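Data block below; observations after.
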Amino acid sequence: MKNTVFLNLKKINFDGKINFSKLNKFTKVKLYDRSDKYEILERVKEQNIVVTKELPLSSDLIDKFPSSVELICEAGTGYNNIDIKAARKKNILVCNVPGYSTDAVAQLAITFMLNLCSSLILQQTMLRKGDFSNFTDDLHVPHAEIKGKTLGIIGAGAIGQRVIKTALALGMKILVYNRSIKPISNVKFVSLDELLSKSDFVSIHCPLTKDTKHLINRDKFNLMKSTSFIINTARGAIIDEKNLIEALQNGTIAGAALDVQEKEPFDIDNPLFSMKNVILTPHIGCKCIEARQRLVDLLGNNIEAFINKSPINLVNS
């Protein structure tokens, strides 16, 4: 039986509610809540499969992995934390788990839009500060219907398409910027510049690559309407955070909703924390219990396929 080690289990089982029987069915598993770079090398000894969740595995670390390691499983969709070239050099396969959080992340993106339309977070903040003026006086915050608004989707993969489906049901107009045009009904594929200039909401759903890092920067913010909002549930570094802060402070755009940040964990003195026109969540898009259980079950499928010599979801084959 193959040996498997999960190096930072706490990332997905922080509440202790996840069932790991699917993994134990195919392999002998060692589970660690957290592992620093020194513990990693000790814990991968005599292991055949290494499972991580957003844990940086640099070339320096992978170069020192024992010859027993045959597969690295990223417990998620994005694998930019793993040095793919170093793994290939060591003949270590790398796989990920696409699709496990499609519904959860799409749900969060839509939730952000609905909250921004009605200024719900801002209203609750006013109440906590003892400001009851929305109740005792006229409404002091923006409040608008989402129907008829234009949503710009950057990245029409599984999550982007799920957001599109829901947004269409809400009566929104959809513009899409994607590397290729896909057969999606009732949407218009446009350039990134056109999307930014015409959208009321911009929602990011593309992967982080060398081409998409800081894709949204000062020049791109200057194309957006002053009444528009940007939503990021993908990867923080797709947006140049310094330029975002400037755009929010200067009124270049109306606001932002961010589930991901350029640096995670966040610096607590980051100006985004104190901005009234910003909604922040701590990378919760993939943390619904249903999504986390699905992730572990799909990890089991990856490991079973590898053991059966028919590996799936490879990113460095």
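The values are calculated or read from the model by the stated rules, or taken from the named source; none is laboratory data. Bear in mind that the values here come from a model prediction, so they are computed numbers and not experimental data. In this analysis, Cβ positions are derived from the backbone assuming ideal geometry, glycine residues included, and neighbour counts consider all displayed protein chains. Accessible surface areas use protein heavy atoms only, side chains included; no ligands, DNA or RNA. Shrake-Rupley method; radii C 1.70, N 1.55, O 1.52, S 1.80 Å.
Residues of region 192-238 being out of contact with any strand residue (DSSP E or B) (no Cβ under 6 Å at 6 or more places or on another chain) and of a type in the set (Phe, Trp, Tyr), which ones?
PHE221
Where the second residue is of a type in the set (Asp, Glu) and the first is on the phi > 0 side of the Ramachandran plot and lies in region 265-293, which pairs have Cβ atoms under 6 Å and are six or more apart or on separate chains?
Partner pairs satisfying both residue conditions: HIS283/ASP259.
Answer with yes or no whether TYR38 is out of contact with any Asp or Glu (no Cβ under 8 Å at 6 or more places or on another chain), of a type outside the set (Gly, Ala, Ser) and assigned to a loop (DSSP other than H, G, I, E, B).
Here the answer is no, as TYR38 does not meet what is asked.
Matching residues to (1) part of a strand (DSSP E or B); (2) among the β-branched types (Val, Ile, Thr); (3) under 18 Å from GLN161 (Cα atoms):
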site	(1), (2), (3)
ALA87	no, no, no
VAL94	yes, yes, no
LEU108	no, no, yes
CYS117	no, no, no
GLY130	no, no, no
GLU145	no, no, no
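From the list LYS242, LYS225, LYS165, which residue is at pLDDT 95 or above, open to solvent by 20 Å² or more (accessible area, probe 1.4 Å) and part of a loop (DSSP other than H, G, I, E, B)?
Among LYS242, LYS225, LYS165, only LYS225 is at pLDDT 95 or above, open to solvent by 20 Å² or more (accessible area, probe 1.4 Å) and part of a loop (DSSP other than H, G, I, E, B).
Given the conditions (1) modelled with pLDDT under 95; (2) in a helix (DSSP H, G or I); (3) open to solvent by less than 20 Å² (accessible area, probe 1.4 Å), and given that GLY285 satisfies all but one, which numbered condition is not satisfied?
Going through the list (1) modelled with pLDDT under 95; (2) in a helix (DSSP H, G or I); (3) open to solvent by less than 20 Å² (accessible area, probe 1.4 Å), GLY285 breaks only (2).
Taking region 253-269, which residues are surrounded by 16 or more Cβ atoms within 10 Å (Cβ to Cβ) and either aliphatic (A, V, I, L, M) or more than 29 Å from GLY99 (Cβ to Cβ) (or both)?
ILE253, ALA254, GLY255, ALA256, ALA257, LEU258, VAL260
Could you tell me which residue of region 228-239 is farthest from the chain's Cα centre (by Cα), considering only residues that are aliphatic (A, V, I, L, M) and not in a helix (DSSP H, G or I)?
Across region 228-239, the extreme among qualifying residues is ILE230.
For region 128-162, what are the residues that are open to solvent by 50 Å² or more (accessible area, probe 1.4 Å) and aliphatic (A, V, I, L, M)?
Of everything in region 128-162, those that are open to solvent by 50 Å² or more (accessible area, probe 1.4 Å) and aliphatic (A, V, I, L, M) turn out to be LEU139, ALA158.
What number goes with the only condition from (1) modelled with pLDDT of 95 or more; (2) crowded, with 20+ Cβ neighbours inside 10 Å; (3) not in a helix (DSSP H, G or I) that PHE26 does not pass?
(1)
Any residue at all in region 64-83 that is closer than 20 Å to LYS309 by Cα, of a type in the set (Lys, Arg) and open to solvent by 10 Å² or more (accessible area, probe 1.4 Å)?
No.
Give PRO183, PRO207 a once-over and let me know the one that is more than 15 Å from the chain's Cα centre (by Cα) and assigned to a loop (DSSP other than H, G, I, E, B).
It is PRO183.
What do you reckon, is ASN302 open to solvent by less than 30 Å² (accessible area, probe 1.4 Å), among the polar types (S, T, N, Q) and over 30 Å from CYS95 (Cβ atoms)?
For ASN302, the condition - open to solvent by less than 30 Å² (accessible area, probe 1.4 Å), among the polar types (S, T, N, Q) and over 30 Å from CYS95 (Cβ atoms) - is not met.
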